[in-house]
1. Among the candidates ASP217, ASP131, which residue alone is free of Cβ contacts under 8 Å to residues at least 24 places away in the same chain and under 19 Å from SER108 (Cα atoms)?
2. All but one of (1) in contact with a strand residue (DSSP E or B) (Cβ under 9 Å, 6 or more places away or on another chain); (2) at pLDDT 90 or above hold for PRO226; which doesn't?
3. Which members of segment 72-113 meet the condition of being under 18 Å from ASP131 (Cβ atoms), touching a Gly at 6+ places or on another chain (Cβ under 9 Å) and not hydrophobic (A, V, I, L, M, F, W, C)?
4. I'd like the full set of residues that are without any contact (Cβ under 8 Å) to a residue 24 or more places away in the chain and either under 15 Å from the mean Cα position of the chain (by Cα) or closer than 10 Å to ILE213 by Cα (or both), limited to segment 247-262.
5. What about HIS88, is it in the same structural domain as PRO74 (by TED's automatic domain parsing) and touching a Ser or Thr at 6+ places or on another chain (Cβ under 6 Å)?
6. I need a count of the residues in segment 151-193 that are part of a helix (DSSP H, G or I) and among the small types (Gly, Ala, Ser).
7. Could you list all residues from segment 242-270 that are surrounded by 14 or more Cβ atoms within 10 Å (Cβ to Cβ) and over 30 Å from GLY351 (Cβ atoms)?
Amino acid sequence: MDKLSQAHIDELEVVEAIYPEFLQTVSERPNALIRLEIPVNCTQQTFTIQQELYANVPKASSSPITLDLSHLPPLILEILLTPAYPEHSPPIIRSLSSRYSWVARKSSQELKYHLSQMWTEGDSVLCNWVDYIYSGEFLDTLLPSRHISHRSPLTLAGLLRNHQAEALNEAFVSQSFPCPICLSSLKGSKCITLECAHVACRSCLSDFWGFCITEGDIGRVQCPFPECIKAGNEAGEEDVRRIITDDLLKRWKWLRAKRAVDLDPTIVLCPLDFCQSPVPGPPKTGDDTESNWDRLRTCPSCGYSFCSLCRRTWHGPHTPCVSSATAEFILEYMTLPDDAPKKAQIETRYGKANMKRLVAKYLEEKALKEWLSESTTPCPGCSVNVEKSMGCNHMTCSKCKQHFCYRCGTKISAANPYAHFSSPGQPCFNKLFDFAATQEEWVPMDIFNGL
């Protein structure tokens, strides 16, 4: 094997100085075999990965996979530096391959030929080769349409995505970024990229966001850069999850839910004591008509279905709410002035038409109760209201056959019912009939005067 000349040594030192991570191995002297592993970093471009076709094999039916990539796996070159290089002949490329075999064999042969054509007599060419491959310039010659053929497109697509992510992460870690909070310049390993693409110090964000959440000021949990602060863009859950502890994350979620309930009048809380999760209202359909189905709510946390008005288990759209559950709420609504903000909030949350129906129903039930109280007496046995139009106060319930006094509503003995009205000292003594006896004066009739 030929020995490395001084010209070879000088050129390899230049390559190693500029690209120290690319020069993988150099054969020990006197061998003149070197190995270069050159990654491909280009501007972001769209690549299409398709099934590699073979002779006498039907065309695959799988759809091509499209990826946007700026970092491609390295090309691996084994190069023999002959004594005639660089004066009389180019280096000999013994092999050219690519990690994950994303460059087809035919394309590798074309690239080898093109690299050899880049040499001019008497000039060193290794640095030019490295620049040509590293910048991705060779893609215009090798893959002008950016189509990659592979026997397993799905597998290659996954490998290329992983390589892209790892390369971007390595580039991020090696760079320095100014922190808008502590105003220091820190390496990417101590920073984090937010969803808005801004980079900030992880430690500063953790302290600042943690303080804001502890104090309940979640509106300030946002990107610290002026553009995002002016826009009022709050941090998303993914960013917050990566920065703060689990306990603070739970409090942040709870504070956001509480704020949502305060700001959105259509949201109600789950009535179950162990849950209390916010339950959103029905989706808006663009139709202003209201339906009793709008009262149905299903808690996304525990699955409990309930009525948003009476807070009881869902009783269907046609069954009215229990009066006792809504009476206090309706009274509060009725006492509010028409221009009161709280009244408008209630109408937004439950529907103006629903509130009108509830008020009408409440007034109707109130009038019915007043009439029942004034005009009927409930049976002491079964509570059925009984109205008396005429007759005595001894009543017998047609439903349960209980004997009772219509005047005072107490039970009386079926064997001797009138003892209740004939016993001195009883409140209903001599009150079997309600009318008062009056003495009518005798009026002479003229019809008998002529007889």
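1. Numbers: ASP217 fails: under 19 Å from SER108 (Cα atoms).
Going through ASP217, ASP131 in turn, just one is free of Cβ contacts under 8 Å to residues at least 24 places away in the same chain and under 19 Å from SER108 (Cα atoms): ASP131.
2. In the conditions (1) in contact with a strand residue (DSSP E or B) (Cβ under 9 Å, 6 or more places away or on another chain); (2) at pLDDT 90 or above, PRO226 misses (1) alone.
3. PRO86
4. LEU249, LYS250, LYS253, TRP254, ALA257, ALA260
5. Against the criterion (in the same structural domain as PRO74 (by TED's automatic domain parsing) and touching a Ser or Thr at 6+ places or on another chain (Cβ under 6 Å)), HIS88 does not qualify.
6. Here the count works out to 8.
7. Selection gives ARG242, ILE243, ILE244, LEU248, LEU249, ARG251, TRP252.
This table checks each residue for (1) outside any helix (DSSP H, G or I); (2) among the acidic types (Asp, Glu); (3) under 20 Å from PRO39 (Cβ atoms).
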| position | (1), (2), (3) |
| --- | --- |
| LEU75 | yes, no, yes |
| GLU87 | yes, yes, no |
| LEU96 | yes, no, yes |
| GLU121 | yes, yes, no |
| ASN128 | no, no, yes |
| ASP140 | no, yes, yes |
| SER149 | yes, no, no |
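The values are calculated or read from the model by the stated rules, or taken from the named source; none is laboratory data. Predicted model only: the values in this text are computed from it and were never measured. Glycine gets a Cβ as well: all are built from the backbone with ideal geometry, and neighbour counts include every protein chain shown.
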